[in-house]
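Data block below; observations after.
The values are calculated or read from the model by the stated rules, or taken from the named source; none is laboratory data. This one's a predicted model, so the numbers in the text were calculated from it and none came from an experiment. Here Cβ is always computed from backbone atoms with ideal geometry, including for glycine, and neighbour counts include all displayed protein chains. Surface areas here come from the heavy atoms of the whole protein model, side chains and all, with no ligands, DNA or RNA. Shrake-Rupley method; radii C 1.70, N 1.55, O 1.52, S 1.80 Å.
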Amino acid sequence: MVLADLGRRINAAMADLTRSNVVDEKALDSMLKEICMALLESDVNVKLVSTLRANIKKKINLKDQAPGINKRRLVQKTVFDELCALVDCQSENGDTPAFKPKKGRSSVIMFVGLQGAGKTTSCTKLALWYQRRGFKVGLVCADTFRAGAFDQLKQNATKAKVPYYGSYTETDPVAVAAAGVARFKSEKFDIIIVDTSGRHRQEQELFAEMVQISQAVKPDQTIMVLDASIGQAAESQSKAFKESSDFGAIILTKMDGHAKGGGAISAVAATRTPIVFVGTGEHIHDLEPFTPTQFISKLLGMGDIRGLVDHVKHMNLDQKETMKHIEQGIFTIRDLRDQMSNIMKMGPLSKMAGMIPGMSQLMGEVGEEESGKRLKRMMYIMDSMTEKELDSDGKVFVSEPTRLTRVAKGSGTTVREVEEVLSQQRTMARMVKQVGGKKPPRPKMKRLRA
């Protein structure tokens, strides 16, 4: 995954601080140096890195901390918050309301971006994302410049079962865009997505064409599709698009690759434009809503329980019992087994691993093939447990250690591997307790009249 190496290096720097005997200015400076070097080597803009370092130093004044304050947790929380602020432009644009389409009212979304960034694929992904949530969506191909553009959109739209509009004969993209939008509006479509030609900031004619399309279709939202792997060039390109089309949102694509990805973060900060979605793969379902805290949690290997629950919900899997437990703040070994089983049905392991606490580090250490084998061994272990053990929180293994040996022998694994499964369940249970388990306020009893 893009930025995976960055996440590992930041984690390592924070772990070194946690293990140090004394948390002082020297230990803090050493950690910040490692984090800043990791960010710079991932192509994050030097000014952003400098600002992040200054903000952390300002918020963590170790000399002024009261006795009894857990300095390690303070440092970890501050670093986490500042990394979230680095990719969070939505909070800074508080005066600008986020785009929220309404059913029964036609909204137009226009896509812009560089050639090869993945606009056409992202158009289909977004159309399918809205369609699965009950919106009536149509796609318009206004890319008459690239050979095969309409064929690609037609093929994607057919696969996703999304209505589309385009022309093999009309060469004016403005006319095609206007006709497509008018047709879908007349048919009462809720969302109309317009795909435009890929362009470079030095191609002035194509930029002028983009402005003309925008004036013709009057989009309610303009989205720039940004390739996460293009490096430092992302910033200058994004600024040029911002000046011409004034896009209000960004979709990051190719986040499943192995490039550095820091340039995309710099582009977001330079244009002060929020990321709304992240493309995590080549399939039409590989699109995730972007939330800064969830993104940084996955980056640092802390998991994304909310994202996992939402993904499972839209996969139409039978998860009533697990969902009920999560709402109550409970997570048993059986729930872990069910989730592991569903992970195997939900696409590449590398995508799902980031949502599970601790699994992303496992992926980084041994690779996807070996991780797949480990996942199967975890399933063998849980399949060797009794009904009582599966429905427990794992404490039964602490009170009766002989169960560990029995399960290890029955699954053909080691006691250490069984303990690792139990450790994974405890980690998930702690995360679930934070997400759910919030008891509603007790109703006040009516006063009894004599």
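Brief remarks on what is shown
- Restricting attention to the range 35-66, the residues that are surrounded by fewer than 17 Cβ atoms within 10 Å (Cβ to Cβ) and either in contact (Cβ under 8 Å) with a residue 12 or more places away in the chain or assigned to a helix (DSSP H, G or I) (or both) total 15.
- In the set K77, K103, only one residue is modelled with pLDDT under 95, under 24 Å from I265 (Cβ atoms), open to solvent by 60 Å² or more (accessible area, probe 1.4 Å) and not acidic (D, E); that residue is K77.
- Long-range neighbours under 8 Å by Cβ, at least six apart or interchain, first residue touching a residue at least 40 places away in the same chain (Cβ under 8 Å) within the range 240-251, second part of a strand (DSSP E or B) and of a type in the set (G, A, S): F241/G113; I251/G279
- Scanning the range 304-340 for residues that are crowded, with 19+ Cβ neighbours inside 10 Å, at pLDDT below 60 and more than 19 Å from T293 (Cβ to Cβ) gives a single hit, V312.
- For beta carbons closer than 8 Å, sequence separation of 6+ or different chains, a first residue in the range 331-342 that is assigned to a loop (DSSP other than H, G, I, E, B) and a second that is β-branched (V, I, T), the qualifying pairs are F331/V432.
- Candidates in the range 124-162 are the residues that are in a helix (DSSP H, G or I) and charged (D, E, K, R); of these, the one that is surrounded by the most Cβ atoms within 10 Å (Cβ to Cβ) is K125.
- Applying the criterion of being in contact (Cβ under 8 Å) with a residue 40 or more places away in the chain and of a type in the set (V, I, T) to the residues of the range 163-206, the residue that is most open to solvent (accessible area, probe 1.4 Å) is V174.
- Contacts under 8 angstrom Cβ, first residue in the range 208-220 being over 13 Å from E243 (Cβ atoms) and in contact (Cβ under 8 Å) with a residue 24 or more places away in the chain, partner assigned to a loop (DSSP other than H, G, I, E, B) and among the aromatic types (F, W, Y), 6 or more apart: D220/F99
- Within the option set T120, T96, T144, T171, being among the β-branched types (V, I, T), in contact with a Pro (Cβ under 7 Å, 6 or more places away or on another chain), at pLDDT below 95 and closer than 27 Å to K242 by Cα holds for one residue only, T144.
- Residues located in the range 386-404, provided they are without any contact (Cβ under 8 Å) to a residue 12 or more places away in the chain and surrounded by 12 or more Cβ atoms within 10 Å (Cβ to Cβ): T386, V396
- Residues of the range 203-219 satisfying the condition of being touching a helix residue (DSSP H, G or I) at 6+ places or on another chain (Cβ under 9 Å) and in a helix (DSSP H, G or I): F207, A208, E209, M210, V211, Q212, I213, S214, Q215, A216, V217
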